[in-house]
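Working notes for the structure below.
Values in this text are rule-based calculations from the coordinates and carry no lab data. This one's a predicted model, so the numbers in the text were calculated from it and none came from an experiment. Please note: Cβ atoms are built from the backbone with ideal geometry, for glycine as well, and neighbour counts cover all protein chains shown.
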Amino acid sequence: MIHIEELTKYYGLKPAIQDISLDIEQGKIVGLLGPNGAGKTTILRILTCYMQPTAGRVTVDGLDCRTQALEVRKRLGFLPENVPLYVDLSVQAFLGFAATIKGVSGAMLQRETDRVVEACGLQEHRKRLIKHLSKGLKQRVGLAQALLKDPPLLILDEPTTGLDPAQIIEVRNLIRQLGGERTVLLSTHILPEVSQLCERVVILHKGRVRKEDTPANLAQDIQQGFRTQLSVDGPQEAVQKALADMKGVSDVQPMEGRSGEWMVQSEGDPALRPQMARMVVESGWGLREMRAIELSLEEVFVHLVTEESGEEGEHVS
Amino acid sequence: MRGISGVFRKEITIAFVSPIFYAACFIFLLLSGYFFYSTTAYFSLLSFQAAQNPFLSESLNLTDMVIKPFFGDLAVILLLMLPLLTMRLYAEEKKSGTIELLFTYPVSDASVLAGKFAATMALVLLMLAGTIPFMIILETMVDLEWGLLGAGYLGVVLLGASFIALGIFTSSVTENQIVAAVVSFGALLMFWALGWAQSVTGPTFGAVLGHLSIVDHLDRFTQGLIDTRDVVFYALFTLFWLFLTLRFLNSRFWRG
């Protein structure tokens, strides 16, 4: 659906994104994740043909964003960052305008606006001026205009920023519903959002792609082995030594502030955990608790974006 | 085409819900009404005096003393009002971010521009239509030459189009509406006053200045003369600024 090839964009002398290459398949919900200033918005603006890249090529459905901009725009619905809307218009008038400009006319116009109004739950607010709507409702109006003419590609720039928790859940559910057949590309700096919504995550940092995978794989990938949390009833030093001496164990750290508990870092051998348990029991100590620790997406993210800034090892041991 | 009509309708709707258009319309009609009243009243006073003085009555001329000054007055009021109508066209969209919506809809920059220009033209036509009752009142008292009036209105409409085009350009280069209005007003005044320097510059340069002066071209229209030179001047002036607007909007593709 979307094919991005060595995309680079400079603002003055400062690169916003550098050598980004991505392929996004049809029907997927894909998240662009990164801290503020990572280049998410720049990528989306180039994809929507609002800007042109300094170098590189972007195609949507095989259409070049540089030379066939109008054709590309016909295939996408875009919700810009901060949801800019014509606040002096009523919901109905605004959607009518957006539909007209997208090429819907005549009897179709009413049907099409009815459809998006219903999809976004705006039935009761059609006549109201957009400036009188709450932020959550504005967000829905923004989504509604993006959905007009049923575009196969939805591009959402930080769709949940600035909403209260209830509204965030609402908008997320809406996006999930809208997904379906469509390709959805959304940007966010909120981690749980990606793990809840997206089938694929692209982690951006300083204008480059750091990692690209499913949320689950990303978490697993970065672990490079297992971590096991052990709580053992026995002589502290002997236990630590016995654990450290086991084959395949790379590191044993006592848990801070909790005596008798250890964090064991080991290579990815699944047989190691039973062995550990047997060793503890056979040594005559009591095994109080044993837990496999998986990295959350949050930790993966922090790991990836701090990797370069010399803080490695601080968050992920 | 659908892009143009969509933008046109949106701009008209926004103009009618915002107070700027009503304020501009009110001031425009108030001032034009006052100017019309004062010139007509002065003319009728002179006419009474001319009844006793046949020598004076020979020099009395409705076209020169009422119609011509009236169109000149309309031009001055438009000079003051049109920057206020054009200032928001692009500046507001840039400030509020809606330009991002507009520029990602499947519609070309030129269609958007055409829609905005046409919408503002429609507003100006509406304002000018508000002055036609003045002429109808005048018609009840004197025998008006409607051809002359038509030429005058055509001239004012063309002048208005030029003002709008320049105003749209200044609005497209900034996101601050006040800056857009001030710069467009200043630039229009400059074009207005270019002709004044004619007498102190040399004959060649003076002629150039005279031809560039935006209001000098209105004179022949108000005398009932539609000269292609004047029509072409206004058309080129309008297209020039609209073209610059398009080029400037296009620069977002390569500027950082």
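With the simple spin-label model, which puts each label point 7 Å out from Cα in the Cβ direction, the residue B:34 to residue B:193 separation comes to 2.2 nm.
Straightening the chain between residue B:22 and residue B:229 buys 71.1 nm, computed as 0.36 nm per residue apart minus the Cα-Cα spacing. Under the convention that each Lys and Arg Cβ holds +1 and each Asp and Glu Cβ holds -1, the size of the dipole of region A:1-75 around its Cα centre is about 360 debye. Couplings 3J(HN,Hα) of region B:28-40, computed from phi: 4, 6, 4, 5, 5, x, 5, 4, 5, 4, 5, 5, 5 Hz, in residue order, whole Hz [Karplus 6.51 cos²θ - 1.76 cosθ + 1.60, θ = phi - 60°; x for Gly and Pro]. Compute the whole-percent fraction of alpha carbon pairs in chain A spaced more than 24 Å apart. The answer is 61 percent, as a whole percent.
Quick one: divide the alpha-carbon radius of gyration of region B:110-256 by 2.2 N^0.38 Å and tell me what you get. Kindly include the intermediate steps, with their values, before the conclusion.
On the way: Rg = 17.7 Å, N = 147, 2.2 N^0.38 = 14.7 Å.
Normalised Rg, Cα atoms only: 1.21.
Summarising the amide proton neighbourhood of residue A:201: residues at separation of 5 or more, or on other chains, whose placed amide H is nearer than 5 Å comprise A:31, A:213, A:214. Between A:54, A:41, A:183, the residue with the greatest mean-square fluctuation in the GNM of chain A (Cα pairs under 10 Å linked by springs) is A:54. From most to least packed by mean Cβ count within 10 Å, the peptides B:220-226, A:274-280 give B:220-226, A:274-280.
Taking θ as phi - 60° and the Karplus parameters 6.51, -1.76 and 1.60, the scalar couplings of region B:222-228 work out to 6, 8, x, 10, 9, 9, 4 Hz in sequence order, x denoting glycine and proline. Just checking the listed ones, B:60, B:144, B:242: in the Gaussian network model of chain B with Cα springs under 10 Å, the one fluctuating most is B:60. If both residues of a DSSP beta bridge must be in region A:2-220, then about 55% of such bridges are antiparallel.
Considering only A:11, A:86, A:50, the mean-square fluctuation computed in a Gaussian network model of chain A, springs between alpha carbons under 10 angstrom, is largest for A:11. Calculated on C-alpha atoms, the gyration radius of region B:1-117 divided by its Kirkwood radius gives an Rg/Rh of 1.25. For region A:112-185, the residue among A:133, A:123, A:147 whose Cα projects farthest onto the positive side of the dipole built from Cβ charges is A:133.
Taken about its Cα centre, region B:2-250 carries a charge dipole of roughly 720 debye when the Cβ of each Lys and Arg holds +1 and the Cβ of each Asp and Glu holds -1. Entry note, chain A: the mean residue ellipticity at 222 nm calculated from DSSP H runs of n ≥ 4, each adding -39500 (n - 2.57), is -10500 deg cm²/dmol after division by the residues and rounding to the nearest 500.
Kirkwood hydrodynamic radius computed over region A:103-246 comes to 18.9 Å, based on all pairs of distinct alpha carbons. Shown in residue order for region B:206-221 are the 3J(HN,Hα) couplings computed by the Karplus curve 6.51 cos²θ - 1.76 cosθ + 1.60 at θ = phi - 60°: x, 5, 4, 4, x, 6, 7, 4, 6, 8, 4, 6, 6, 3, 5, 4 Hz (x for Gly and Pro). Under 13 Å from a label point set 7 Å out along the Cα-to-Cβ vector of residue B:95, the amide N atoms of region B:178-192 belong to B:178-182.
Computed from Cα positions, the angle between helix B:177-193 and the longest principal axis of chain B comes to roughly 40 degrees.
The mean of 1/r over all distinct Cα pairs in region B:2-250, once inverted, gives the Kirkwood hydrodynamic radius of 19.5 Å. Pairs spanning more than 27 Å between alpha-carbon atoms, out of B:10/B:68; A:74/A:206; A:138/B:95; B:10/B:95; A:14/A:149: B:10/B:68; A:74/A:206; A:14/A:149.
Size descriptors for region A:223-297 (Cα atoms only): Rg and Dmax, in that order, 11.4, 38 Å. With the gyration tensor restricted to C-alpha atoms of region A:1-41, the semi-axes of the equivalent ellipsoid amount to 22, 13, 6 Å, longest first.
Multiplying the residue separation of residue A:196 and residue A:169 by 0.36 nm and subtracting their alpha-carbon distance yields 8.7 nm. Need the C-alpha centroid separation for region B:112-145 versus region B:180-244, integer Å. Measuring centre to centre over Cα atoms gives 22 Å. Here the simple spin-label model places points 7 Å from the Cα toward Cβ, and for residue B:251 and residue A:68 these points are separated by 3.1 nm.
Projecting the Cα atoms of B:101, B:122, B:50 onto the dipole axis of region B:2-250, where Lys and Arg carry +1 and Asp and Glu carry -1 at the beta carbon, places B:101 farthest toward the positive end.
Normalised size of the protein assembly as shown, defined as Cα radius of gyration per 2.2 N^0.38 Å with N residues, equals 1.41. Label positions at residue A:271 and residue B:50, each projected 7 Å from the Cα along the C-beta direction, are separated by 12.0 nm.
Computed from Cα positions, the angle between helix B:146-173 and the longest principal axis of chain B comes to roughly 30 degrees.
Charge dipole (Cα centre; +1 on Lys/Arg Cβ, -1 on Asp/Glu Cβ; no other charges) of region A:223-297 amounts to roughly 120 debye.
Positive end of the dipole of region A:25-68 (Cβ unit charges, origin at the Cα centre): among A:63, A:46, A:35, the Cα lying farthest that way belongs to A:35. Per-residue mean of foreign Cβ neighbours for A:82-95 is 4 (Cβ atoms of other chains, 10 Å radius).
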